[in-house]
Amino acid sequence: MKPRTGATATGVPLAFNREPDWRLRKWVSRSMVAVAAAEDDASLEGLLCNDAAYLRSAVEVDWVATTADGPLEIRDETFLCGQHSKAMPLRYKGGIKVAGLMFRPGAMRALFGLDEHDMLDRITSIESVGIGDHTVTGLYEPGIDPGRWLKKIESWLANYIEKNNVPAPDPLSQALELQAFRDPNVMLNDFADREGVTPRQLQRIAKRDFGLTPKQIMRRARILDLAARLCGVADEEEQDILLRFFDQAHQIREFQAFFGTTPGSFKRRRSSLLTLSLEIRQARRLEMLERIQPGAVRPWMRSPLR
């Protein structure tokens, strides 16, 4: 593919991703747009595995996502994606042309009334929450600059939030997400004590805002950090990523549970689409941990973002 919004040193397409518009930051953790033209009309295969819910507009390309409800065909549509408990296979044709907003834990419930547990490994049209598809998908115009397309989506959501007086998500869920980025091997009872809640309260809020238990959230974080490293979009100085598992057998078993393959096979056949998705997560993670400044050169990039 021929990327327009960035690429790794080996040519794998990346998204242009950054902090969201300041009006959205209580609900949205990252804004992204990815455009890459396919050299032919061949059907490609990839994976999605996100630890956040998303709003995505995909135009002028054909997607077939294998969701918890079975295969779902998508074209010229805006849709809401739940968090993932495991990798979601995806076939796509026509390249990549998608703009989206990554939600903070609990934001999809606050914004659209969707239950995070019910949305786990699922995708639903934005029309299912009473918003006309053209309202958002129609913000795209043929030939539009990717950055301008993204800003139009951000402005739409900012107006939606103001009009509907949407409450902010629970701060405890944001703290749990940050902990998963910082150290997913934390003792969860210790985390609950620091936050002034009981383990039962933590369990309830995690299920409500992530759709998973706290242990599952930390387990997923370990695997996604390892996957990012294997895809070449992680901080190579973070040697502790490889030390988060008891031994190699534990690492392989956990990795297979999420991706259906061993780490070695995954690295040899890694998905360009998943690399793009993991790079967004890792950029946000390093910024949240204050290891890089917003807009700075990321460890896996050769030049600054524009």
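The values are calculated or read from the model by the stated rules, or taken from the named source; none is laboratory data. Everything numeric here is computed off the predicted structure, so don't read it as measured data. Ideal geometry is used to build each Cβ from the backbone, glycine not excepted, and the neighbour counts take in all protein chains shown. Note: accessible area is taken over every heavy atom of the protein model, side chains too, but ligands, DNA and RNA are not part of it. Shrake-Rupley method; radii C 1.70, N 1.55, O 1.52, S 1.80 Å.
Can you find a residue that is part of a helix (DSSP H, G or I), closer than 25 Å to F16 by Cβ and either open to solvent by 30 Å² or more (accessible area, probe 1.4 Å) or touching a strand residue (DSSP E or B) at 6+ places or on another chain (Cβ under 7 Å) (or both) anywhere in segment 89-103? Please lay out each step first, then the result.
Going residue by residue through segment 89-103, those that are part of a helix (DSSP H, G or I) are none.
No, segment 89-103 contains no residue that is part of a helix (DSSP H, G or I), closer than 25 Å to F16 by Cβ and either open to solvent by 30 Å² or more (accessible area, probe 1.4 Å) or touching a strand residue (DSSP E or B) at 6+ places or on another chain (Cβ under 7 Å) (or both).
Going by the conditions given, is A42 under 20 Å from the mean Cα position of the chain (by Cα) and among the hydrophobic types (A, V, I, L, M, F, W, C)?
Values: under 20 Å from the mean Cα position of the chain (by Cα): no; among the hydrophobic types (A, V, I, L, M, F, W, C): yes.
Against the criterion (under 20 Å from the mean Cα position of the chain (by Cα) and among the hydrophobic types (A, V, I, L, M, F, W, C)), A42 does not qualify.
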Answer residue from segment 163-204, given it is in a loop (DSSP other than H, G, I, E, B) and more than 30 Å from I131 (Cβ to Cβ) and is most open to solvent (accessible area, probe 1.4 Å) among those: M187
Subset of segment 39-86 [open to solvent by 20 Å² or more (accessible area, probe 1.4 Å), of a type outside the set (D, E) and outside any strand (DSSP E or B)]: A42, A68, R75, S85, K86
Number of the exception - K26 against (1) outside any loop (DSSP other than H, G, I, E, B); (2) open to solvent by 30 Å² or more (accessible area, probe 1.4 Å); (3) not small (G, A, S): (1)
Residue check, D118 in contact with a helix residue (DSSP H, G or I) (Cβ under 7 Å, 6 or more places away or on another chain), open to solvent by 20 Å² or more (accessible area, probe 1.4 Å), of a type in the set (D, E, K, R) and more than 30 Å from E39 (Cβ to Cβ): no
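Residue by residue, here is whether (1) touching a Pro at 6+ places or on another chain (Cβ under 6 Å); (2) of a type outside the set (S, T, N, Q); (3) farther than 26 Å from F255 by Cα holds:
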site: A34; (1), (2), (3): no, yes, yes
site: E39; (1), (2), (3): no, yes, yes
site: D51; (1), (2), (3): no, yes, no
site: T66; (1), (2), (3): yes, no, no
site: E77; (1), (2), (3): no, yes, yes
site: C81; (1), (2), (3): no, yes, no
site: K86; (1), (2), (3): no, yes, no
Hits in segment 109-140 - residues which are in contact with a Ser or Thr (Cβ under 9 Å, 6 or more places away or on another chain), within 13 Å of A68 (Cβ to Cβ) and not in a loop (DSSP other than H, G, I, E, B): I123
Some residue of segment 184-199 being of a type outside the set (D, E, K, R) and within 30 Å of R4 (Cβ to Cβ): no
Entirely in segment 205-306, the helices (runs of 4 or more DSSP H) that have 2 or more residues that are open to solvent by less than 10 Å² (accessible area, probe 1.4 Å): 214-231, 272-288
Check on R182, of a type in the set (K, R) and within 22 Å of the chain's Cα centre (by Cα): yes
